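Here is the structure we will look at, set down as structure tokens.
The values are calculated or read from the model by the stated rules, or taken from the named source; none is laboratory data. If you're wondering where the values come from, they're calculated on a predicted model, not measured in any experiment. When we count neighbours, we look across all protein chains shown, and the Cβ atoms used for this are built from the backbone with ideal geometry, even at glycine.
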Amino acid sequence: MSQVLKKYQAIALFDTPTVRSIVQEIGVGKLLHWYPLLGGWRNVTLYIKTTQGEYVLRVYRFRPKTEQDILLELRIVKHLAAKGVPVAVHVSSEKGNGFLHKTVGGRAFDMAMFTYISGERIEQVNKEQLYALGKLLGKIHHALSDFRPEHIKRKWYFGREMLRLRRKIIRRLRKHPAVLQGKKETLQFKKQFESDLRKFRLLSKKFQGVLRPRRIIHGDFHSDNVRFQGNEISGVFDFDNSMHAPLILDLATLARNTLIFSLQRSVTVLSPQEQIETILDGYLSSHQINKKALPLLIPLIQFGLYVEMTWTIQSGYAKEKEGLHKYYFDTLRYGLDLLSPLTIPERFL
């Protein structure tokens, strides 16, 4: 069963009496109306309007997340809000609890309430919006520079992530062979992947110091996790993937998703080279960058495309729709081809 279908099954457990009881327990007025927000697949999110305002209820769907993991996310949001970063602010219950433990439809969930960020959801951004994304990411990194968490949820190590990626790619290609046409195309892809993996290993050794997971990052920063009002960003949310990692990983994630969103549209607003330069220009307007890490940006975007492939091959929207898998898979492979001639301009180095 696909992860998206599992999410829909979890959404179906929530009804108006259940949502009303959650609103009452948190103490944010009387429920007026609510509906599920369908973006993403990891967690269940509900839009809720009450007599006191608009909110989003995040329901954590994966049980391995510990209480300390969730509290870390809430502390990050609180820290950023205090520094003036436009974030979806966490709303504590009247009892002062950080989040709720609730049983819904016989299943136990952890959940937390946040303020709702109004604005437009835009995947394929223009140059001004992409600059604003880079600038906001720089502000987030700057604001978190003095954040010292008591709890460490996860540390990102390039070597470990490479091993995990290789296992997933091999396993999922076996399970969904239709994404590649025949033995020849399969061998060509595996050859390219193993070649890139060797390059990643060499970079991991060469830049070992730069790649140390010293700082907290957002972990999934891109245009779908912010809201826009015109060319300005009204707020950022979804710090669910925050972790200790090199800051350059956040920049690579933003660039990777910008590239993917543009490839999935018939008209590309910016070329991949323009996308990278615009992100860096925006970022440097609000935060300094470790120039020693910049040679890693394009390789980490490439690595991120492979990571995205594992999710695409694994579940997508329905396992039986191999054509859909192949479409996304081909899109990501095309992205790898587009990245090969890109460079970081001298003015950034």
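May I ask you to list pairs of residues, at least six apart or on different chains, whose Cβ atoms are under 8 Å apart, with the first in segment 332-349 being more than 14 Å from F189 (Cα to Cα) and the second being assigned to a loop (DSSP other than H, G, I, E, B)?
Within 8 Å, the pairs are F348/I289.
For segment 280-293, what are the residues that are part of a helix (DSSP H, G or I), of a type in the set (A, V, I, L, M) and either modelled with pLDDT under 95 or touching a Phe, Trp or Tyr at 6+ places or on another chain (Cβ under 6 Å) (or both)?
Of everything in segment 280-293, just one residue is part of a helix (DSSP H, G or I), of a type in the set (A, V, I, L, M) and either modelled with pLDDT under 95 or touching a Phe, Trp or Tyr at 6+ places or on another chain (Cβ under 6 Å) (or both), namely L280.
Would you mention how many residues in segment 197-237 are surrounded by fewer than 18 Cβ atoms within 10 Å (Cβ to Cβ), of a type outside the set (A, V, I, L, M, F, W, C) and closer than 17 Å to L332 by Cβ?
1
Is it the case that segment 139-161 has a residue that's crowded, with 18+ Cβ neighbours inside 10 Å, modelled with pLDDT of 90 or more, touching an Asp or Glu at 6+ places or on another chain (Cβ under 9 Å) and of a type outside the set (S, T, N, Q)?
The answer is yes; a qualifying residue exists.
Taking the residues in segment 188-241 that are among the aliphatic types (A, V, I, L, M) and not in a loop (DSSP other than H, G, I, E, B) as candidates, determine which candidate is nearest to P86 (Cα to Cα).
My answer is V236.
Which one is surrounded by the most Cβ atoms within 10 Å (Cβ to Cβ) among residues in segment 306-332 that are modelled with pLDDT of 70 or more and more than 20 Å from the chain's Cα centre (by Cα)?
Per the criteria, the residue is K326.
Suppose we keep only residues that are without any contact (Cβ under 8 Å) to a residue 60 or more places away in the chain and of a type outside the set (K, R) within segment 134-157. Which one would you say is farthest from W311 (Cα to Cα)?
Checking each candidate, the answer is D146.
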